[in-house]
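Notes for the one structure printed next.
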Amino acid sequence: MLYIVPSPIGNLQDISFRALEILKQVDVILAEDTRTSSHLLNHYDVKTPLTPYHQHNEHKVLKHLVDQLLSGKKMALLTDAGTPGISDPAFLLVRECVRHEVKVECLPGATAFVPALVNSGLPINRFCFEGFIPLKKGRQTLLKQLAVEERTMVFYESPMRLVRTLEDFIQYFGAERPCCVSRELTKMFEENKRGSLQEVCDYFKQKGVKGEIVIVVQGIL
């Protein structure tokens, strides 16, 4: 049995009672970063053993993990923040479990793009999640395609690349396109900056950028 367990994106109190119960009951927890997960688990006195599972080792350990699951072990997959599989490792393991008829159960829980989308003030009846856009290869092609997207668009970005990405959005989407940049969601210094792409870009150029970033951009009308 494999459980996909969302972890808090900032505020440790956002984990569910059910998630904690499962983390305590499984045989092992697969952690994207054992140091990050240890902070959460120690806070709630979870003693279950941790083992690394991340994008650099997932191909290497995949067969071993599936064999362990087939033998009857129960595992929980935990990434650094949010729901595993949403711009985080999970897909390969889930796919192999499905192929080998290992039961997979995904718990509901924290995902950064949902609160960012809801509090953006932009239309949310239809939206598309793009995650992290390519740094080089395919970036221009994707932005040209998204320039005529009618649905609200949601992106993840690092603080170091936020201004550059907003400048690219201005080039392809237009400076007046409405947007919202959410920063440090659920944390003490949470910020949601709304306005046109140009206004928001100028704001972060002057202020600087820290923390995890979600960008929400209105589709073409």
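The values are calculated or read from the model by the stated rules, or taken from the named source; none is laboratory data. All values derive from a computational prediction rather than experimental measurement. Glycine also receives a Cβ, built like all others from the backbone with ideal geometry; neighbour counts cover every protein chain displayed. Keep in mind that these areas ignore ligands, DNA and RNA; they rest on the heavy atoms of the full protein, side chains included. Shrake-Rupley method; radii C 1.70, N 1.55, O 1.52, S 1.80 Å.
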### Relative contact order (percent, whole number), the stretch 36-153, Cα cutoff 8 Å, 6+ residue spacing
21 percent
### Task
Quick one: check the C-alpha center-to-center distance for the stretch 1-77 versus the stretch 143-221, whole angstrom.
32 Å
### Task
Quantify, in whole percent, the carbon and sulfur part of the accessible surface of the chain (1.4 Å probe; protein heavy atoms only).
52 percent
### Message
Please give me, ordered by residue number, the GluC sites (Glu not before Pro) of the stretch 80-139 that lie in loop per DSSP and have at most 10 other Cβ atoms within 10 Å.
### Response
Glu101
### Message
Taking the alpha-carbon distance from Lys74 and a cut-off under 12 Å, which aspartates and glutamates remain once sequence neighbours fewer than 8 residues away in the same chain are dropped?
### Response
Asp27, Glu105
### Message
Within 13 Å, Cβ to Cβ, of Thr186, how many net charges do the neighbouring residues add up to if Lys/Arg are +1 and Asp/Glu are -1?
### Response
-3
### Query
Measuring from label point to label point, each 7 Å out along Cα→Cβ, what is the Thr141 to Lys74 span in nm?
4.5 nm
### Task
Check cross-link reach from Lys136 to the aspartates and glutamates: straight Cα distance under 13 Å, and skip same-chain residues fewer than eight apart.
Asp168
## Note on the structure
So for R0 = 25 Å, FRET eff. of Lys207-Glu176 from the Cβ-Cβ r, to 0.05, ends up at 0.75
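Can you pull out the chymotrypsin sites (Phe, Trp or Tyr not before Pro) in the stretch 39-136 whose DSSP state is coil and whose Cβ has at most 13 other Cβ atoms within 10 Å?
Numbers: sites: Tyr44, Tyr53, Phe91, Phe113, Phe127, Phe129, Phe132; in loops: Tyr44, Tyr53, Phe132.
Passing sites in the stretch 39-136 are Tyr44, Phe132.
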### Task
Could you list the residues of the stretch 134-153 with an amide nitrogen less than 17 Å from a label point located 7 Å from the Cα of His59 in the Cα-to-C-beta direction?
none
### Query
Quick one: accessible area per residue over the stretch 1-81, 1.4 Å probe, rounded to a whole number of Å²?
54 Å²
### Task
Just the number, please: percent antiparallel of the DSSP beta bridges in the stretch 93-215, rounded to the nearest 5.
75 percent
### Task
Count the net charge of all other residues whose Cβ sits under 9 Å from the Cβ of Val28, scoring Lys and Arg as +1 and Asp and Glu as -1.
+1
